[in-house]
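One structure is given here, and the rest of the page talks about it.
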Amino acid sequence: MSQLPTVAIIGRPNTGKSTLFNRLVGKRVAIESEVAGTTRDHVAHRIETKTMDFLLLDTGGMGGGTDDKGFEQDVHKQSLLALENADLILFTVNSREELTKSDHTIIDLLRKNRRRHVPVILVPTKCDNQATIEERLPEFIAIGIADIVIPVSAPHAIGTDELLEAITEQLKALHFSKQEKAKATDPPKVAVIGKPNVGKSSLINAFMSDPQRKVSPMLVSDIPGTTRDAVDTIIRFNEQEFLFIDTAGIRRRTKVEEGIEHYAVLRSIQALEQCDVAMLVLSATEPVSHQDQRLAALAMESGKGLILLLNKIDTLKSEARAAKITEVANSLSFCRFAPLLPCSAETRDGLLKVFPLIAQVQQNRLRRIPTKELHRWFTDAVYGQPLKVLSKSKHLTQADEVPPTFVLFTKNPRDIRPSELRFLENRLRSMFDFTGTPIKWIPKAGG
C-alpha cells in the first residue's frame with residue numbers, strides 16, 4: 001500500500017497556522033483565535049487533490065508566547081515530533097511583525113531536527129498588502145531555511161492555491177503519488193492502535209500462522225516504543241486476506257522515553273487516514289486512560305470502523321474479568337457501537353473471533369439502505385415521539401459516502417437537537433446492523 005505523506009504546519013503561536021489549515025482543508029476544523037496557544041494538540045485532515053493525497057497536520061505553537069509554561073513544553077514536544085516525522089514542512093511566520101526570538105528558535109530546530117531530504121516551504125501569513133510583501137520578500141528569502149517562499153492571506157484565500165500546488169509538486173519530487181481508490185475486492189486495511197506496550201505487536205504475531213511468523217515476526221519488547229517502523233502485514237484467514245498496519249514505529253533509543261505517548265498518537269493519526277477499521281488495543285491490567293479515550297475518539301472522527309480489543313485478559317479470573325469488561329465499556333460509553341472483544345496474545349484466547357469481526361465491521365461501513373426502506377423506518381421511528389422538528393421532516397436519504405451518512409431534510413435544520421439525532425441513531429442501529437461503524441448525520445434545509 002502506498003504511503004500517505006504527512007505535511008506539517010509549524011510556527012510560533014499566533015502566526016495563523018490554524019487559519020491556514022482550515023483554508024487548505026476547506027472547512028473549519030482547527031480552532032482559530034487571537035489568543036496565543038489556542039491549538040493545544042495535533043489536528044489532522046486528509047486532503048485529496050487531482051494529483052496527490054496527503055495528511056495535513058496542524059500543530060500547537062512552538063517557541064513560547066503563552067502564559068502557561070508547562071503547557072508550552074508539552075505542545076513544543078508534540079510539534080517537534082511532527083517536525084521530525086513530516087515529509088514536508090510549512091513554516092509560518094507573521095508577515096506583519098519582525099522575526100522574533102521564537103521564530104529564530106524554530107529556524108534552528110528546523111536545521112537540526114528535520115530529516116535532510118524533507119523540504120521546507122516558508123509561508124509568510126497575513127499578507128493582505130502586496131507592496132509590504134514585496135518589500136519584505138528578500139528578508140524572508142535570506143532566512144535560508146527554504147527554497148520556496150509563498151506569501152498567503154488565508155482569510156482572503158490569497159496565495160493558498162499557489163501553496164497547494166507547491167505542496168503537490170514537492171511531494172511528487174519526493175516520489176509520492178496519488179493513492180488509488182480502494183476496490184471492494186481489496187483486503188480490509190486494519191490499523192492496530194493503542195498506547196505503548198499494550199501488546200499491539202504481540203497480537204499481530206499471534207494472528208500470523210506459524211510459517212509466516214518465522215519469516216516475518218514483529219519485534220516485541222517490554223520497553224515501550226521499541227517496535228520497528230510500521231510494516232504492512234498481510235494475514236490470511238479462511239481464504240480471506242486482511243492487511244494489518246502496526247502503528248508503534250521506531251524511534252532512536254535516546255528518545256524512546258521522552259514524548260512516547262505523543263509519538264504513539266501521531267503514528268495512530270497517520271495510520272487512521274489509511275485504514276478501514278481501527279483496532280484499539282487496551283490492556284486488562286491497566287485502567288482505561290485519557291489517551292485510550294482520545295484514540296477511540298480519533299477513530300470515530302475519522303469515520304473508521306472501530307473494534308476494542310481487551311488484551312491480557314488471561315491475567316484475570318472470572319469475576320475480575322467480568323468487572324473489567326464492564327469498566328472498559330463504561331469508560332468508552334461514547335462508542336458503544338464498537339464491539340468489545342476480550343483476548344490474549346499470550347494464550348490466543350479469543351483471537352479467532354477477530355477476523356470475522358473485522359469482516360462484519362467492514363461490511364457494515366459499506367452498508368446501504370434503499371431510500372424506500374429508509375423512509376418506512378423513519379416514519380415508524382418518529383411516530384408518536386415528541387421530536388418537533390424531526391417529526392415534520394419529509395425526506396431522508398443515505399449519501400454515497402463512507403461511513404454510513406444520512407441526509408435529513410427539514411425546514412429548520414439548526415433547530416434539531418443533538419439528543420434527537422442520538423435517538424434516531426439508536427433506533428437506526430436497533431433496526432439495521434451497523435455494529436462497529438460510526439454513523440454521520442447531515443441536517444439540510446428543504447422538505
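Read-outs: derived from the displayed coordinates by stated rules, not from any lab. Predicted model only: the values in this text are computed from it and were never measured. As a convention, Cβ positions derive from the backbone with ideal geometry for all residues, glycine included, and neighbour counts pool all protein chains shown.
Observations
- Cut-off 12 Å between beta-carbons: net charge of the residues surrounding residue 163, Lys and Arg +1, Asp and Glu -1: -3
- Proximal lysines to residue 392, defined as alpha-carbon separation beneath 17 angstrom and excluding residues fewer than eight positions away on the same chain: 411, 444
- For the pair residue 346 and residue 141, the difference between a 0.36 nm per residue extended length and the Cα-Cα distance amounts to 68.1 nm.
- Radius 10 Å from Cβ of residue 136, net charge of other residues (Lys, Arg +1; Asp, Glu -1): -3
- For residue 441, residues with placed amide H under 5 Å, excluding near neighbours: 406
- Residue by residue, region 101-115 carries 3J(HN,Hα) couplings of 4, 5, 4, 5, 4, 5, 4, 5, 5, 4, 5, 8, 10, 6, 5 Hz when phi is fed to the Karplus relation 6.51 cos²θ - 1.76 cosθ + 1.60 (θ = phi - 60°); x denotes Gly or Pro.
- Calculated FRET efficiency for the pair residue 173/residue 48, C-beta based, R₀ 25 Å, to 0.05: 0.85
- Amide H contacts of residue 395 (H built 1.01 Å from N, under 5 Å, at least 5 apart or other chain): 409
- For residue 272, net neighbour charge (Lys/Arg +1, Asp/Glu -1) across residues whose Cβ lies under 13 Å away: +2
- Unsatisfied cross-links (Cα-Cα over 20 Å) in the set 189/304; 77/172; 200/312; 50/181; 195/324: 77/172
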